[in-house]
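The values are calculated or read from the model by the stated rules, or taken from the named source; none is laboratory data. What you see is a predicted model, and the numbers here were worked out from it, not measured in a lab. Here the Cβ positions follow ideal geometry from the backbone for every residue, glycine too, while neighbour counts run over all protein chains shown. Please note that ligands, DNA and RNA were not included when accessible areas were found on the heavy atoms of the full protein model with its side chains. Shrake-Rupley method; radii C 1.70, N 1.55, O 1.52, S 1.80 Å.
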Amino acid sequence: MKTMMTILALALSTCAFAQQEIRLYDGVAPGSEGVQDNERITRGPDGNIQNISGVVTPSITVYLPDADKATGTAVILCSGGGLMAHSWGTDVINMSRWLNERGIAAIGLKYRTRVMGGGPGGPRMGGGGMALSASVTEFSKITKSNANPDTSESGVKNINNAINDALRAMEIVREHAAEWHINPDKIGFLGFSAGGGVGIGATVRADAAHRPAFMATIYGPSLIDVEVPQNAPKLFIATRGDHHNVAAGLVSLYLDWKRAGANAEMHLYDDGTGPFGPDDPGNTSGTWRESFYRWLQFNRF
C-alpha cells in the first residue's frame, strides 16, 4: 500500500510540474508528410522522461513558475541529442525546475528529430560530403559559422524542419503570453548541443514577429550558414575550448556577431573536451548556469 501511494504521489507531482503540452501544428507537420511516427520515450526511476527519439509530431511542453514569482521572462528550451533524440530529462526537466525557481517560464520544445546521422561534435555523416574537423584554433575553417558535419540532403532537411518547429514554438508562446504571465518582449531560446544549432537557426531566419529577445547556446554551434540579422538579439555562448568542431564553430559565431555590431558574451572553459552538466562543482564549466542567470539579469530579462 505504501509503495502504491508513493508511485501515485510521484505521478501526480510529475504531472503537476508540466502544466500543458501543445502540438505545434493541427495536422501533419509541414515537410513530414508520409513519415512514419515512431516516437519512443525512456523514463528514469522517478518516472520523469529521460530521452525522446523518433519525433515526427512536434510540440511544446509548458513549465510555469508560480504567478506571484513570475518575472515575465520565458526561455524556449531546445534540448541536445544530435538531432536524433532529445535529452529531455537533463536539458528540459532539470532546466525548467531551475528556471521556475527563479521566476522564469520554461517551454520545452520537442522539435522533429532525424533517423540517422551524427551530432555537431562528431564526424558521423548522414550520407554525402566530408566530415568537418576543426580545433578551436582552426576556427577560420568554419565558413559563415556553419559547423554542421552533415551536408547531405537529408541532413539539411532535418535541421530545416527543426528550425521551422522552433519558429512555430515562438509564435505559439507569444500568442499565449498574457495567459502565461509572460512579457512577449522577453522570450528567448536556450539550446544545448544540436539544440543550440536549432535555436541559432531560428534566430537568424526569424522575421521581426518571430525573433527572440535573446539567444543562449551551450556547446551548440550553428548548423546552417549564418547571416547576422539587423537588430540581432543578445547572444550568450558557453562551451569547452577543446570540444572539437563545436568550440571552433562557436568562436566563429561570436566573432560574426561582434563584427555585425551585435551584443555577444562568450564563456570558453578549459576543463574538458565535450558536453558538461550544470551541477558539477569540480569543474569551472559547472558554473555556467549562474553566469547565464547573471547575464539575463544584467540585460534586464
Pairs with Cβ under 8 Å, 6+ apart, first in the stretch 82-111 and small (Gly, Ala, Ser), second part of a helix (DSSP H, G or I) and surrounded by fewer than 19 Cβ atoms within 10 Å (Cβ to Cβ): Ser96/Phe17; Ala106/Asn100
Among the candidates Gln50, Gln36, residue that is touching a strand residue (DSSP E or B) at 6+ places or on another chain (Cβ under 9 Å) and not β-branched (Val, Ile, Thr): Gln50
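Yes/no per residue for (1) without any contact (Cβ under 8 Å) to a residue 60 or more places away in the chain; (2) surrounded by 19 or more Cβ atoms within 10 Å (Cβ to Cβ); (3) assigned to a loop (DSSP other than H, G, I, E, B); (4) at positive phi:
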position: Leu132; (1), (2), (3), (4): no, yes, yes, no
position: Asn148; (1), (2), (3), (4): no, yes, yes, no
position: Ile159; (1), (2), (3), (4): no, yes, no, no
position: Glu171; (1), (2), (3), (4): yes, no, no, no
Residue match in the stretch 73-96 (condition: surrounded by 12 or more Cβ atoms within 10 Å (Cβ to Cβ), among the aromatic types (Phe, Trp, Tyr) and at pLDDT below 95): no
Elements of type strands (runs of 3 or more DSSP E) in the stretch 186-299, at least 2 residues being open to solvent by less than 10 Å² (accessible area, probe 1.4 Å), in contact with an Asp or Glu (Cβ under 8 Å, 6 or more places away or on another chain) and closer than 21 Å to Val173 by Cβ: 234-240
Residues being of a type outside the set (D, E, K, R), farther than 18 Å from Trp288 by Cβ and modelled with pLDDT of 95 or more - total across the stretch 97-121: 8
Condition check for Lys234: farther than 16 Å from Tyr111 by Cβ, touching a residue at least 60 places away in the same chain (Cβ under 8 Å) and of a type in the set (Lys, Arg): yes
Any hit, the stretch 125-136, residues being modelled with pLDDT of 95 or more and either under 20 Å from the mean Cα position of the chain (by Cα) or among the β-branched types (Val, Ile, Thr) (or both): yes
Sole exception among (1) part of a helix (DSSP H, G or I); (2) open to solvent by less than 50 Å² (accessible area, probe 1.4 Å) for Phe139, by number: (2)
